[in-house]
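The values are calculated or read from the model by the stated rules, or taken from the named source; none is laboratory data. All values derive from a computational prediction rather than experimental measurement. Virtual Cβ from ideal backbone geometry, glycine too; neighbours counted across all protein chains shown. Note: areas computed on protein heavy atoms with side chains; ligands, DNA, RNA excluded. Shrake-Rupley method; radii C 1.70, N 1.55, O 1.52, S 1.80 Å.
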Amino acid sequence: MITIKSEREIELMRESGALVAKVLDLLETEIKPGMTTKQLDTMAEEFIRDHHAVPSFLNYAPKGDPDVTPYPATLCVSINEEVVHGVPSAKRVVKEGDIVSVDCGVYKGGYHGDAARTFVLGVIDEQVQQLVDATRECLYRGIAMAVEGNRLHDISSAIEEYARSFRYSVIENMVGHGIGSELHEEPAVPNYGRKHTGVKLREGMTLAIEPMIALGRSRKAISRRGGWVAVTEDGKPSAHFEHTIVVRAGKAEILTSTFLDEKHS
Ligand code: MF3
Ligand code: CO
């Protein structure tokens, strides 16, 4: 079932969304070559708790997969060929030339906010920079379709079309999702699909739209048995951007944007 949120619920989701966005702004400002992914995680967790909220991902256990242990951190920090769910570690150091995808969720006032950005460290390969820029644009093209009266896969196809125009590959086994009092709600929001298909979008639906786009040919992100991190099949870099949005008539409302984030787009 897809729930339609009331304006009161959306007001609460605005607060969770604003906090996630602030966490990402903080990390975007602080991330430097030489830092460990654990340092980023600690910074995020302290900030979230200081703001009377709880990290959504910490101890999250996907239903129906006994092999996977509960998620042990606040952030997912996924470097280069890591697509998503990189687990922060004191042994993992970020360096100049890396792309670092940081995904964060917070739970506050009974509702979740979820967002991700891929940060670029120093001067990077031009092709990889283009991948990062295009993945961000994929997200905004998807969001532009998230209006009342459109169908769900209008979002998906807008993302896929833009990615394909660069001959990038769309990761198909990881998808966006509805969001609200649960981190993952219906519907699944794939990053590929046929326009004019899927459920009708209605004002008050809240979605986490999250394109994961890679150089090379990998259409899947794979993880080792029992492990969290998911990597491209061919080891090529992958980027990830995510916003939590509200479907509206005319124009979607983004709950996780900030001035710093908008500056890039
Ligand atoms: N933004 C991702 C998602 O919505 C991150 C989930 S990490 C997990 O699926 F630990 F919560 F699984
Ligand atoms: Co998400």
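Looking only at residues in the range 64-88 that are in a loop (DSSP other than H, G, I, E, B) and in contact with a strand residue (DSSP E or B) (Cβ under 7 Å, 6 or more places away or on another chain), which one is surrounded by the most Cβ atoms within 10 Å (Cβ to Cβ)? Only one residue fits best here, namely THR74. Summed over the range 174-191, residues that are within 14 Å of ligand 2 (Cβ to nearest atom) and part of a loop (DSSP other than H, G, I, E, B) total 9. Of the residues making up the range 120-135, those that are open to solvent by less than 10 Å² (accessible area, probe 1.4 Å) and either away from ligand 2 (no atom under 16 Å from the Cβ) or basic (Lys, Arg) (or both) number 4. Condition check: more than 15 Å from the chain's Cα centre (by Cα) and surrounded by fewer than 17 Cβ atoms within 10 Å (Cβ to Cβ). Does HIS196 satisfy that? So HIS196 passes the test. Here THR74 fulfils each of the conditions (1) touching a residue at least 40 places away in the same chain (Cβ under 8 Å); (2) at negative phi; (3) polar (S, T, N, Q) apart from (1). When we screen ARG194, ARG202, ARG219 for residues that are in a loop (DSSP other than H, G, I, E, B) and under 24 Å from ILE79 (Cβ atoms), the only hit is ARG219.
Does GLY109 satisfy being at pLDDT 95 or above and open to solvent by less than 10 Å² (accessible area, probe 1.4 Å)? Here the answer is no, as GLY109 does not meet what is asked. In the range 146-171, the qualifying residues are those that are in contact with a strand residue (DSSP E or B) (Cβ under 9 Å, 6 or more places away or on another chain) and in a loop (DSSP other than H, G, I, E, B), and the one that is nearest to GLU15 (Cα to Cα) is ALA146. Search the range 45-63 for residues being of a type outside the set (Gly, Ala, Ser) and in a loop (DSSP other than H, G, I, E, B), and hand back the single one that is farthest from ligand 2 (Cβ to nearest atom). Of everything passing the filter in the range 45-63, HIS52 is farthest from ligand 2 (Cβ to nearest atom).
Here the range 190-212 is the region considered, the condition is being within 15 Å of ligand 1 (Cβ to nearest atom) and touching a residue at least 40 places away in the same chain (Cβ under 8 Å), and the residue that is farthest from LEU58 (Cα to Cα) is ASN191. Here GLU46, GLU28 are screened, and the one residue that is modelled with pLDDT of 95 or more, surrounded by fewer than 18 Cβ atoms within 10 Å (Cβ to Cβ) and within 18 Å of the chain's Cα centre (by Cα) is GLU28. All conditions in (1) more than 16 Å from the chain's Cα centre (by Cα); (2) within 14 Å of LYS108 (Cβ to Cβ) hold for PRO55, with the sole exception of (1). Just one of the listed residues (ILE254, ILE159, ILE171) is surrounded by fewer than 23 Cβ atoms within 10 Å (Cβ to Cβ), within 16 Å of ligand 2 (Cβ to nearest atom), of a type outside the set (Gly, Ala, Ser) and closer than 28 Å to GLU28 by Cβ, namely ILE254.
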